[in-house]
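Presented below is the structure to which this report refers.
Readers should treat all values here as calculations from the given coordinates under stated rules, not as data from a laboratory. This one's a predicted model, so the numbers in the text were calculated from it and none came from an experiment. Neighbour counts run over all protein chains shown; Cβ positions are idealised from the backbone, glycine included.
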Amino acid sequence: MDLLFQHLAPSTDSSFKIHHEKLSHFIVPCHYHPEIEIMYILKGTGTRFVGDNIEQFDEGDFVMVGSNIPHVWKNDYKYYQKNIDLHAECLVLFIPPEILGEPLLSLPEMAKIKRLFEKSNRGIKFSGKRNVELKQIMNVIFESNGTNRLINVLQLLHKMSTFKNAVYLSSMGYRANLSPRDFGRLTHCIEYLMANFHKKIELTQVADIANMTPNSFCRYFKKRTTKTFSEFVIELRVGKACQLLNESDNKVIEIAFESGFNNLSNFNEHFKKMTGMSPKEYRNINRNSNHLKSKTLESSL
């Protein structure tokens with residue numbers, strides 16, 4: 001699978017594009033573009049790929065992706081099911097690098113923003129209490145136009161450039177290790193795993209997708225994700241089990257098989273290793289926590 005170059009057509013009335021997307025699931029494939037991208041997840045969960053970084057994302061995820069960095073947001077398997085009351089929603093802002101290029105970025109007042117742009121070449125995730133400020137400004141940018149939009153974009157970049165709880169996503173050397181085509185091949189394999197983890201998965205099948213021998217694929221996958229192939233599949237299955245334990249009253253043994261495990265003892269072993277508790281303990285703790293949150297909300301109304 002080749003990586004998609006995304007061409008964003010220029011607008012006659014704004015230098016910056018901002019989209020509000022609301023879909024059953026995010027549909028843009030692995031892609032890159034010269035524009036700097038700021039992505040704010042309003043609704044949805046899944047896996048985020050930025051450069052050589054692979055992480056889970058949730059509502060409130062706020063990420064900046066630099067120019068020509070391969071990236072994609074893939075929703076969890078449940079979002080692809082028919083007749084399900086779920087949707088994915090985001091605000092995404094595109095900043096053409098030439099708009100805020102030299103000589104503007106050479107001004108001393110723009111030094112921190114210039115450094116922010118440089119950092120974005122590895123992808124940056126913003127989290128913490130101040131995230132609320134960034135989200136509010138994103139909403140204001142979406143509602144504004146003309147000079148006000150430009151001012152609001154600069155305000156957002158200023159806030160981001162002074163953010164303390166910001167972390168790099170990709171490793172320093174990922175460019176040398178992961179080409180756009182390589183990124184596309186990796187995400188194609190992971191997309192297959194995310195869609196089929198609840199079934200029996202043969203290593204040879206996934207290796208064929210990558211056009212590799214099984215041994216070569218195992219080395220390739222571990223190098224790119226820092227996890228073995230089996231570890232990644234088990235994480236997907238345990239994650240699915242956690243969701244079902246929270247959202248259904250199904251028996252633990254039913255959840256084990258629905259998540260892709262072929263026997264209960266194997267499921268219990270891996271579940272406890274990953275979560276530190278048994279499936280039953282996990283269900284009780286989370287339901288008690290959700291009940292407490294509900295009571296707290298009711299008392300505040």
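Please compare each pair in LYS164/LYS240; LYS129/LYS272; LYS74/LYS135 to a cut-off of 29 Å on the Cα-Cα distance and tell me which ones are over it.
Too far apart for the 29 Å limit: LYS164/LYS240; LYS129/LYS272.
Using only DSSP helix segments of four residues or longer, with each worth -39500 (n - 2.57), what per-residue ellipticity at 222 nm results for the chain after dividing by its residue count and rounding to 500?
Result for the chain, helices only: -14500 deg cm²/dmol.
What is the diffusion coefficient of the stretch 83-173 in µm²/s, taking the Kirkwood radius over Cα pairs and the Stokes-Einstein relation at 20 °C with a viscosity of 1.002 mPa s?
In µm²/s, the coefficient is 146.
What does the extension gain come out to for MET172 and ASP13, with contour length at 0.36 nm per residue minus their alpha carbon separation?
Here the answer is 53.5 nm.
Hey, of (1) -0.64, -0.77, -1.37; (2) -0.60, -0.70, -1.32; (3) -0.45, -0.56, -1.24, which did the structure itself give for log10 I(q)/I(0) by the Debye sum over Cα atoms at q = 0.10, 0.11, 0.16 Å⁻¹ when calculated?
The value computed from this structure is option (1).
Which of PRO108, PRO70, PRO29 ends up with the largest GNM mean-square fluctuation for the chain, with Cα atoms connected below 10 Å?
Largest GNM mean-square fluctuation: PRO108.
Please report the relative contact order for the stretch 4-168, taking Cα pairs under 8 Å with a sequence separation of at least 6, and give it as a percent rounded to a whole number.
26 percent
Which of these, ASN121, ASN53, ASN215, has the largest mean-square fluctuation under a Gaussian network model of the chain (Cα springs below 10 Å)?
ASN215
Output wanted: per-residue J couplings in Hz (rounded whole) for the stretch 161-170, from phi through Karplus 6.51 cos²θ - 1.76 cosθ + 1.60, θ = phi - 60°, x for Gly and Pro.
Whole-Hz 3J(HN,Hα) from phi for the stretch 161-170: 6, 10, 6, 8, 8, 10, 10, 5, 9, 7.
Would you please name the GluC sites (Glu not before Pro) within the stretch 40-139 that are DSSP coil residues with at most 14 other C-beta atoms within 10 Å of their C-beta?
GLU59, GLU98
Near LYS273, which aspartates and glutamates are there with a Cα under 14 Å away, not counting those fewer than 8 places off in the same chain?
List returned: GLU231, GLU235, GLU281.
For LYS251 and LYS22, compute 0.36 nm times the residue count separating them, minus their Cα-Cα distance, and round to one decimal in nm.
Full extension of this stretch gives 79.1 nm more.
Using θ = phi - 60° and the Karplus relation 6.51 cos²θ - 1.76 cosθ + 1.60, list the HN-Hα couplings for the stretch 86-94 in order, rounded to whole Hz, with x at every Gly or Pro.
Once rounded to whole Hz, the list reads 9, 8, 10, 8, 7, 10, 10, 10, 10.
Measure nothing fancy, just the Cα-based angle from helix 229-247's long axis to the longest principal axis of the chain, in degrees from 0 to 90, nearest 10.
90 degrees
Can you tell me the FRET efficiency between SER278 and ASP182 if r is taken as the Cβ-Cβ distance and R0 is 30 Å, rounded to the nearest 0.05?
Values: r = 40 Å, r/R0 = 1.32.
About 0.15, to the nearest 0.05.
Given contacts defined as C-alpha pairs under 8 Å and at least six residues apart, what's the relative contact order of the chain, whole-number percent?
16 percent
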